[in-house]
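**Student:** Here it is: the structure, laid out below.
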Protein chains: 2
Amino acid sequence: MEKLDNVIFYNLEKAVKSYRQFAQANCLKAGVEITIDQWLVLKTIGEYPDITQHQLAGRIFKDVASVTRMIELLVTKDLLFRKSHAEDRRRFTLTLSDKGRKVLELMRPISLSNRRQALEGVTETELQTVQQVLQKILHNVSKEVDEKTV
Amino acid sequence: MEKLDNVIFYNLEKAVKSYRQFAQANCLKAGVEITIDQWLVLKTIGEYPDITQHQLAGRIFKDVASVTRMIELLVTKDLLFRKSHAEDRRRFTLTLSDKGRKVLELMRPISLSNRRQALEGVTETELQTVQQVLQKILHNVSKEVDEKTV
DNA sequence: TTGTATTTATTGATACATCAATTATATTTG
DNA sequence: CAAATATAATTGATGTATCAATAAATACAA
């Protein structure tokens, strides 16, 4: 009773994991030595040059602790520079290195192709429905405002 | 250009992660000291008493190495027994302990309620669309049969 | 302005993911 | 049957997730 195959959350996880493996494999094939997660960090820093690690974590839905460690890695891989922020000494300024920028360029066509391949045969309408459902789920599981404010 | 918010795979990951946190928090609230992943293992063993670790891994889309370690944990937590298989000495027979069965019973209503809450406002039709799309994605990203068999 | 709270980030501990290499047992094939 | 192959599981190495505790700097309130 209640086969896992019918539980949407298992299928969601399955699809997400499979896509990740697929995407990761395609990066390697293209000779880019980076994990999808590391790429996400680089990409986000590229888009938001003055972002804090905290905001970064939120944007890629990761833990701040994870982000700290990923940044360390990216720095030792010479993809990223980190220097103390000029105006707020609690923060750090994160800057892509040349190598980091190069990786991002290499990745752009790959990630586009990954998505295109993965979504082959999926219609625009279907996509919209999926997005709607995901929004609803997100809304439902996000910490509700405490209603004990009677 | 190409905001992450519009990329379905980010939203998928986001939804999956959020649901996991939600589900995990609800377990803790109910006093069940187990991770969702450990629960998945127990549940699957309950449903397939003679399963191999390899099959188990496939069923919950995890790595065999992860499964090995999770089983070790579950054994030390006294939720699971493991003894060498009678007919095939490469294998192990995995058996739920009383404590393990009790945890599964405690979890049943919780997981049902988790899903119900998370899917509030989502119609049956929408769900079906999502399932279809997930199937398509899975199909697209799964290793294609090598077509160089010319 | 001193004390308190908040924000930014790190660190330690534990759990899980993934890949590659290895061990042990079974199965197949010559 | 012996050799080659396949299967079941473990182990090591590296990367990520999550929680809790901490440190340092900044903001805010009395």
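**Student:** Looking at the range B:14-32, can you tell me whether even one residue there is assigned to a loop (DSSP other than H, G, I, E, B), open to solvent by less than 40 Å² (accessible area, probe 1.4 Å) and at the interface with another protein chain (Cβ under 8 Å from one of its Cβ atoms)?
**Tutor:** Pass one, the range B:14-32, residues assigned to a loop (DSSP other than H, G, I, E, B): B:30-32.
With the extra rule that they be open to solvent by less than 40 Å² (accessible area, probe 1.4 Å), the set shrinks to B:32.
In the following step, the residues that additionally are at the interface with another protein chain (Cβ under 8 Å from one of its Cβ atoms) were identified as none.
Checked the range B:14-32: no residue is assigned to a loop (DSSP other than H, G, I, E, B), open to solvent by less than 40 Å² (accessible area, probe 1.4 Å) and at the interface with another protein chain (Cβ under 8 Å from one of its Cβ atoms).
**Student:** Can you tell me which residue among B:PHE81, B:PHE9 is among the aromatic types (Phe, Trp, Tyr), modelled with pLDDT of 95 or more and touching a helix residue (DSSP H, G or I) at 6+ places or on another chain (Cβ under 9 Å)? Give the derivation first.
**Tutor:** Numbers: B:PHE9 fails: modelled with pLDDT of 95 or more.
B:PHE81 is the lone residue from the list that is among the aromatic types (Phe, Trp, Tyr), modelled with pLDDT of 95 or more and touching a helix residue (DSSP H, G or I) at 6+ places or on another chain (Cβ under 9 Å).
**Student:** Given the conditions (1) open to solvent by less than 60 Å² (accessible area, probe 1.4 Å); (2) in a helix (DSSP H, G or I), which single one is not true for B:LYS62?
**Tutor:** (2)
**Student:** Is there any pair linking a residue in the range B:36-54 that is within 12 Å of chain A (Cβ to nearest Cβ) and among the basic types (Lys, Arg) to one that is more than 15 Å from DNA strand D (Cβ to nearest atom) and open to solvent by less than 40 Å² (accessible area, probe 1.4 Å), with Cβ under 7 Å and at least six apart or on different chains, and which?
**Tutor:** Note: pairs meeting the criteria are B:LYS43/B:LEU104.
**Student:** Surrounded by 17 or more Cβ atoms within 10 Å (Cβ to Cβ), in a helix (DSSP H, G or I) and of a type in the set (S, T, N, Q) - does that describe any residue in the range A:66-75?
**Tutor:** To start, the set of residues in the range A:66-75 that are surrounded by 17 or more Cβ atoms within 10 Å (Cβ to Cβ) comprises A:67, A:70-71, A:74.
Checking the rest, the ones that are also in a helix (DSSP H, G or I) come to A:67, A:70-71, A:74.
Add one more test, that the residue is of a type in the set (S, T, N, Q), and what stays is none.
Checked against the condition, which is being surrounded by 17 or more Cβ atoms within 10 Å (Cβ to Cβ), in a helix (DSSP H, G or I) and of a type in the set (S, T, N, Q), the range A:66-75 yields no hits at all.
**Student:** Within 30 Å of B:PRO109 (Cβ to Cβ) and open to solvent by less than 30 Å² (accessible area, probe 1.4 Å): does that describe A:ASN11? Reasoning before the result, please.
**Tutor:** Working: within 30 Å of B:PRO109 (Cβ to Cβ): yes; open to solvent by less than 30 Å² (accessible area, probe 1.4 Å): yes.
Against the criterion (within 30 Å of B:PRO109 (Cβ to Cβ) and open to solvent by less than 30 Å² (accessible area, probe 1.4 Å)), A:ASN11 qualifies.
**Student:** Please verify whether B:ASP88 is acidic (Asp, Glu) and within 16 Å of DNA strand C (Cβ to nearest atom), treating the condition exactly as stated.
**Tutor:** Numbers: acidic (Asp, Glu): yes; within 16 Å of DNA strand C (Cβ to nearest atom): yes.
Yes; evaluated as a whole, the condition is true for this residue.
**Student:** Let me ask something else about it. Spot the failing condition for B:ASN11; the list is (1) within 8 Å of DNA strand D (Cβ to nearest atom); (2) closer than 30 Å to A:LEU42 by Cα, and only one is missed.
**Tutor:** With respect to (1) within 8 Å of DNA strand D (Cβ to nearest atom); (2) closer than 30 Å to A:LEU42 by Cα, B:ASN11 is out only on (1).
**Student:** Follow-up. Need pairs with beta-carbon distance below 9 Å; first residue away from chain B (no Cβ under 14 Å) and within the range A:74-100, second of a type in the set (Phe, Trp, Tyr) and more than 9 Å from DNA strand C (Cβ to nearest atom); sequence gap 6+ or separate chains.
**Tutor:** Every condition considered, the pairs that remain are A:VAL75/A:PHE81; A:THR93/A:PHE81; A:LEU94/A:PHE81; A:THR95/A:PHE81; A:LEU96/A:PHE81; A:SER97/A:PHE81; A:GLY100/A:PHE81.
**Student:** Further question: How many residues, within the range B:83-105, are surrounded by fewer than 16 Cβ atoms within 10 Å (Cβ to Cβ) and either of a type in the set (Lys, Arg) or in a helix (DSSP H, G or I) (or both)?
**Tutor:** Number satisfying all stated conditions: 9.
**Student:** How about the range A:33-57: which of its residues are open to solvent by 30 Å² or more (accessible area, probe 1.4 Å) and away from DNA strand C (no atom under 11 Å from the Cβ)?
**Tutor:** Within the range A:33-57, A:GLU33, A:GLY46, A:GLU47, A:TYR48, A:PRO49 qualify.
**Student:** A follow-up question, please. Mind counting the residues in the range A:106-146 that are assigned to a helix (DSSP H, G or I) and away from chain B (no Cβ under 14 Å)?
**Tutor:** Just the residues of the range A:106-146 that are assigned to a helix (DSSP H, G or I), to begin with: A:106-118, A:124-141.
Now drop any that are not away from chain B (no Cβ under 14 Å), which leaves A:106.
Selection size over the range A:106-146: 1.
The values are calculated or read from the model by the stated rules, or taken from the named source; none is laboratory data. Keep in mind that what you see is a predicted model, and the values were worked out from it rather than measured. Positions of Cβ are backbone-derived with ideal geometry, glycine not excepted, and every protein chain shown enters the neighbour counts. Ligands, DNA and RNA are stripped out before the accessible areas are found, and what is left, the full protein with its side chains, is counted by its heavy atoms. Shrake-Rupley method; radii C 1.70, N 1.55, O 1.52, S 1.80 Å.
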